[in-house]
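Okay, so here's the structure we're looking at.
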Amino acid sequence: ARLFGALERQPADALLGLIGLFRQDPRATKIDLGVGVYRDDAGETPVMQAIKAAEHRLAETQPTKAYLGAEGDARFVDLLAPIVFGAALAGDPGLTGVQTPGGTGALRLAAELVARGAGDPKVWIGTPTWPNHAPIFREAGVTVRPHPFFDAASGTVDFAAMASALAEAAPGDVVLLHGCCHNPTGAELDAAQWSALTALVVERGLIPLIDLAYQGLGRGLEDDASATRSMLAAAPEAIVAYSCDKNFGLYRDRVGALWVKADGGSLAAVRDNILVLARSLWSMPPDHGAATVREILEDATLTSSWRRELEEMRSRIAGLRAALADADARLAPLAHQGGMFAMLPLPRDAIFALRASHGIYMAESGRINIAGLRGETVASFVAAIAPYLQ
Ligand code: PMP
């Protein structure tokens, strides 16, 4: 038998397919709401100014590109920690962190670590979620359990359904949560729901795994981290998978971090296992993007430049959300959600009709990247989708 004879074809990535379709469309008025990268009002995804400056500095001063180690750039991790956890938690001796190739690398490393966990831990994942979540855990051999999350009719979290499903989770199971800016729905738990969920997680002995990929793009750097911080403060064991790829605009440079909180007795073993797993997965993470972030965070001027530009991005997205909500009452929930994504209440055939008749490209789920809109295209966009909105 041939080694590869039994392999089956796999479906192509739907969003990447959408890029191709968009490129081929000759209409000047076409709108790309598919791929999840930030765009400015000119439709561009520019390199942030602080990144450019830090890259120049790095090019001039970097003494070597010799190997680091499986943990990547430790100083990058140390400087990022206070932004994620706040000054108090960042110094928690129960927390250990490493650099990873993007948020995806952090999630995969977390999945491999969970697969080594005691018992037979499952991971609970809301419906819908980022389409890569379930495959990342399955490929690591972890069983995935879905739980309800989004109530499409109201555009909010169906918290009662979510909580009652998670009440069935076994102690030691992992609950994957979006720290902010839910992808694909934009729906977020409010403060009361986060504290109820935190209580449930602690009571049942579940392990929160917080995917924080959009800090600063929802309600601001501090607010976007507050759920992560309170969950971490309360749970004896927790995992945070972090991405710098959106909030530093570094997408293809693959910049992320994984932190694990564990009790004193197991923390050293947790770190050993993380490093052994990282070594077999990618040996060490790519350096350039993380070194660039480190250059920024080591310098007060570059840090404030970065914060300012991130805040401009955030407020542009929030402004578009408000404009959409104002334009049509059926889009009102968008004003109460956060981040780049929203799931529009459109039937599937409307998605294809909008593509054909207006050159409006969005995922088949009805997810849009709000940053793909421009101030001047909001009105024509809402006029185009209005006949189909439910
Ligand atoms: N988590 C979520 C929810 C995401 O949307 C993404 C990126 N689309 C990631 C993680 C992974 O980000 P990265 O590009 O840093 O791997």
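What to note about this one:
- Residues whose amide H lies under 5 Å from that of Thr100, counting only those 5 or more places away or on a different chain, are Gly256, Ala257, Leu258; hydrogens are built 1.01 Å from N in the peptide plane.
- Whole-number percent relative contact order across the range 228-363, with pairs defined as alpha carbons under 8 Å at least 6 apart: 13
- Taking amide hydrogens as placed 1.01 Å from N in the peptide plane, the amide H of Ile210 sits under 5 Å from those of Leu177, Ile239, Val240, Ala241, each at least 5 positions away in sequence or on another chain.
- Distance in nm between pseudo-label sites at Leu389 and Ala153 (7 Å out along the Cβ direction from Cα): 1.9
- Cα-centred dipole magnitude for the range 127-239, charges only on beta-carbon of K, R (+1) and D, E (-1), debye, nearest 20: 160
- Cα shape, the range 153-234, gyration tensor, a/c 1.5 rule: oblate
- Backbone geometry of the range 385-390 corresponds, through the Karplus equation with coefficients 6.51, -1.76 and 1.60 at θ = phi - 60°, to 3J(HN,Hα) couplings of 8, 3, x, 9, 4, 9 Hz, x marking Gly and Pro.
- Within the chain, DSSP assigns beta bridges of which about 50% are antiparallel (rounded to the nearest 5).
- Contact order relative to length of the chain, as percent, for alpha carbon pairs under 8 angstrom and 6 or more apart: 26
- Estimated FRET transfer efficiency (Arg348, Asp190; beta-carbon r; R0 22 Å; 0.05): 0.15
- Relative contact order of the range 174-240, pairs being alpha-carbon contacts under 8 Å that are 6 or more residues apart, as %: 43
- The range 6-81 shape via C-alpha gyration tensor axes, a/c threshold 1.5: oblate
- For the chain, pairs of C-alpha atoms spaced more than 30 angstrom apart make up 41 percent of the total.
- Dividing the helix sum by the residues of the chain, where each DSSP H run of 4 or more adds -39500 (n - 2.57), gives a mean residue ellipticity at 222 nm of -14000 deg cm²/dmol.
- Cα-derived Rg to Rh of the range 304-390, Kirkwood definition: 1.00
- Among 220-228, 259-267, the order from most to least packed when residues are scored by Cβ within 10 Å on average: 220-228, 259-267
- Working note: Karplus 6.51/-1.76/1.60 with θ = phi - 60° gives the range 111-126 the couplings 5, 5, 5, 4, 4, 8, x, 5, x, 10, x, 9, 10, 9, 10, x Hz, where Gly and Pro are set to x.
- Backbone HN-Hα couplings from phi across the range 345-353 [Karplus 6.51/-1.76/1.60, Hz, Gly and Pro as x]: x, 10, x, 4, 5, 5, 4, 6, 5
- Restricting attention to the range 61-184, close to 20% of DSSP beta bridges with both partner residues there are antiparallel.
- Prolate/oblate/rounded label for the range 1-157 (Cα gyration tensor, a/c 1.5): rounded
- Amide H contacts of Arg367 (H built 1.01 Å from N, in plane; Pro and chain starts excluded): Leu344 sit under 5 Å, all sequence-distant by 5 or more or on other chains.
Throughout, read-outs are computed from the coordinates displayed, never taken from laboratory work. This is a predicted model, so every value here is computed, not measured. As a convention, Cβ positions derive from the backbone with ideal geometry for all residues, glycine included, and neighbour counts pool all protein chains shown.
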